[in-house]
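The values are calculated or read from the model by the stated rules, or taken from the named source; none is laboratory data. Since we're looking at a predicted model, the values are computed, not measured. Virtual Cβ from ideal backbone geometry, glycine too; neighbours counted across all protein chains shown. Note: accessible area is taken over every heavy atom of the protein model, side chains too, but ligands, DNA and RNA are not part of it. Shrake-Rupley method; radii C 1.70, N 1.55, O 1.52, S 1.80 Å.
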Amino acid sequence: MSFTAKKLLLFGATGDLSQRMLLPSLCALMNDGLLPDGIDIIGTARSEHTDESFRNFAAEALAKFLPAGREVKIDPFLKRLRYQDLDASTPEGFAALADCVGPIGSGEGEGLSIFLSTAPFLFEPTIKGLAANGLATGNVRIGLEKPLGTDLASSCQINDAVASAFAESRIFRIDHYLGKETVQNLLALRFANIMFEPLWNAAHIDHVQITVAETVGLESRVGYYDGSGALRDMVQNHMLQLLALVAMEPPTSFDATAVRDEKVKVLRALRPVSANETVTGQYKAGAINGQAVPGYDEELGKDSDTETFVAIKAHIDNWRWKGVPFYMRTGKRLPERTTEIIVKFRDVPFSIFADRGAKTMPNTLVIGIQPRENVRLSLMAKVPGLDRGGIRLRQVPLDIAMPDAFAGPERRIAYERLLLDLVEGDQTLFVRRDEVEAQWNWIDGIRTVWAEEAITPKAYTAGSWGPSASIALAERDGVTWHE
């Protein structure tokens, strides 16, 4: 059924994600007139609140987390908020929740969207409680926040539970990276510009790098992160989605089925990783931005073999990418916070300038995702001036800074796009079940290799770019990480 939801139910409404991302995103969407008129937003969590105290709670979150410089009227948003406390582990509370939500309706302009952000062990009882109380009917769709399992088996268990109450067409699995403007712009860059597509293949691209670097340590994620690690926390979802968007074939149209069909083909074509194609690390005490920071074990309060850094050399075994390595790395306590994709093209096959003493360098496309959203293409150009008998060449960048290139309000929270699409029912930027399972299948293979080869994290100093072995992973192929 096609419908725009007139009601939105937020599970985990008093949690960190809701305060930092969901409430500010929804407030901004309403301020811009993008949410349906009269939409009801119902928060639910274990915390006890009245409607009024929840509105006060939301007002405090908005004051703290709305992006600086964003002029937003919060009163109209606060008036749309209601609240119902719920212990999702007990079925009794769902009847009261259903009463609070009220009639859902059945027309195209009616319906309910649910954003489910709960602990993994609560997924199954929550789905059962929703289904038993009329909150999983055909005019209800559900958005699922990660983590969706810790391996393929547990992911399938969660997906089976959700599928028992919701059809795949009403399931929206969230990867917030897909809501980032520059990630979406990657599709426009590839498929709205004729200059790139003829070169976007193994004949013209030498390699691709994907880096997701964080300066932070554990912060408030101690309980979750130590049971997950960098491979499952970052590579399984965000990084593999970026890889799929870079490597996918042109879809027949920009709709959910066509785009996700092409992404899953890439994920299924990933070659199993061997032991010498992966490096793991764990940060030790060091310094970030001149400030001393403790090591992972010190932050955790115990010894752990959880990896906080992963570097992988991946291959996609299909016609377009045969022989092109995709280097991926992610880690905590690295020198800077950055997410970027680097496409390194091959050098010109023959340089007419070589006998004049000029050296050419391969073109490089850098797609910056955070903190600065930009697209930069390096080109060879002649250095101005007169040179006796010679010519000097130098790389110069064509740089497009997205905030500078486009006037108007800046969407600075990725969840704004995703929440709007959840309300309107557009699944294009959400992850389909077969994508999730293909991702977990590949990740499980890497963890199996680590176990069989007794691979454990190598130490690296906080503030460095990871273990020295990660540098060697690329350097032995003549590749240098882009920094």
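With the requirement that a residue be without any contact (Cβ under 8 Å) to a residue 60 or more places away in the chain, part of a loop (DSSP other than H, G, I, E, B) and farther than 25 Å from GLY138 by Cα, what does the stretch 11-54 give you?
Answer for the stretch 11-54, where residues must be without any contact (Cβ under 8 Å) to a residue 60 or more places away in the chain, part of a loop (DSSP other than H, G, I, E, B) and farther than 25 Å from GLY138 by Cα: THR14, GLY33, ARG46, SER47, GLU48, HIS49, THR50.
From (1) in a helix (DSSP H, G or I); (2) without any contact (Cβ under 8 Å) to a residue 60 or more places away in the chain; (3) farther than 18 Å from TRP442 by Cα, pick out the condition that doesn't hold for THR137.
Checking THR137 against (1) in a helix (DSSP H, G or I); (2) without any contact (Cβ under 8 Å) to a residue 60 or more places away in the chain; (3) farther than 18 Å from TRP442 by Cα, the one that fails is (1).
Filter the stretch 170-183 down to the residues that are in a helix (DSSP H, G or I) and modelled with pLDDT under 95, then identify the one that is surrounded by the fewest Cβ atoms within 10 Å (Cβ to Cβ).
Result: GLU181.
Residues are listed down the side, and each one gets a yes or a no for (1) basic (Lys, Arg); (2) crowded, with 17+ Cβ neighbours inside 10 Å; (3) at pLDDT 95 or above:
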{"site": "LEU35", "(1), (2), (3)": "no, yes, no"}
{"site": "SER47", "(1), (2), (3)": "no, no, no"}
{"site": "ARG55", "(1), (2), (3)": "yes, yes, yes"}
{"site": "ALA88", "(1), (2), (3)": "no, yes, no"}
{"site": "PRO103", "(1), (2), (3)": "no, no, no"}
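Quick test of your reading of the structure: LEU8 fulfils all but one of (1) in contact (Cβ under 8 Å) with a residue 60 or more places away in the chain; (2) in a loop (DSSP other than H, G, I, E, B). Name the failing condition by number.
LEU8 satisfies all of (1) in contact (Cβ under 8 Å) with a residue 60 or more places away in the chain; (2) in a loop (DSSP other than H, G, I, E, B) except (2).
Looking at (1) open to solvent by less than 20 Å² (accessible area, probe 1.4 Å); (2) closer than 28 Å to GLY129 by Cβ, which one does LEU62 not meet, given that it meets all the others?
(2)
Take residues that are surrounded by fewer than 14 Cβ atoms within 10 Å (Cβ to Cβ) and touching a residue at least 12 places away in the same chain (Cβ under 8 Å) and tell me which of the strands (runs of 3 or more DSSP E) falling wholly in the stretch 291-400 contain 1 or more.
Qualifying strands (runs of 3 or more DSSP E): 374-382.
Considering every residue within the stretch 109-117, establish whether at least one is farther than 19 Å from LEU86 by Cα, more than 29 Å from the chain's Cα centre (by Cα) and outside any helix (DSSP H, G or I).
Yes, the conditions are met somewhere in the stretch 109-117.
Results for (1) in contact (Cβ under 8 Å) with a residue 40 or more places away in the chain; (2) assigned to a loop (DSSP other than H, G, I, E, B); (3) more than 19 Å from SER117 (Cβ to Cβ), shown as yes or no for each residue.
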residue	(1), (2), (3)
ASN56	no, no, yes
ALA59	no, no, yes
LYS64	yes, no, no
GLU71	no, yes, yes
ASP99	no, no, yes
GLY105	yes, yes, yes
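Check THR118 against each of (1) open to solvent by less than 20 Å² (accessible area, probe 1.4 Å); (2) of a type in the set (S, T, N, Q); (3) in contact (Cβ under 8 Å) with a residue 60 or more places away in the chain and name the one condition it does not meet.
Against the list (1) open to solvent by less than 20 Å² (accessible area, probe 1.4 Å); (2) of a type in the set (S, T, N, Q); (3) in contact (Cβ under 8 Å) with a residue 60 or more places away in the chain, THR118 comes up short only on (1).
I'd like the residue in the stretch 457-471 that is open to solvent by less than 40 Å² (accessible area, probe 1.4 Å) and part of a loop (DSSP other than H, G, I, E, B) and, out of all such residues, is nearest to LYS284 (Cα to Cα).
Going through the qualifying residues, I end up with ALA462.
Residues that are buried (at least 21 other Cβ atoms within 10 Å of the Cβ), of a type in the set (Phe, Trp, Tyr) and assigned to a loop (DSSP other than H, G, I, E, B): does the stretch 424-437 have at least one?
yes
Read through the list (1) touching a Ser or Thr at 6+ places or on another chain (Cβ under 8 Å); (2) more than 27 Å from LYS322 (Cβ to Cβ); (3) not acidic (Asp, Glu), then give the number of the only condition that VAL279 fails.
(2)
Of all residues being modelled with pLDDT of 90 or more, of a type in the set (A, V, I, L, M, F, W, C) and surrounded by 20 or more Cβ atoms within 10 Å (Cβ to Cβ) in the stretch 124-151, which is nearest to PHE3 (Cα to Cα)? Just the residue, please.
In this case the residue turns out to be VAL140.
Select from the stretch 241-261 the residues that are under 18 Å from PHE172 (Cα atoms) and not in a helix (DSSP H, G or I) and write down the one among them that is most open to solvent (accessible area, probe 1.4 Å).
PHE254
Do any residues in the stretch 417-445 that are on the phi > 0 side of the Ramachandran plot have Cβ atoms under 8 Å from those of residues that are crowded, with 21+ Cβ neighbours inside 10 Å and modelled with pLDDT under 95, where the two are at least six apart or on different chains, and which pairs are they?
Sorted first by the residue in the stretch 417-445, then by its partner, the pairs are GLY425/PHE3; GLY425/ALA5.
In the stretch 12-24, which residues are buried (at least 24 other Cβ atoms within 10 Å of the Cβ) and farther than 16 Å from HIS176 by Cβ?
The answer is ALA13, and nothing else.
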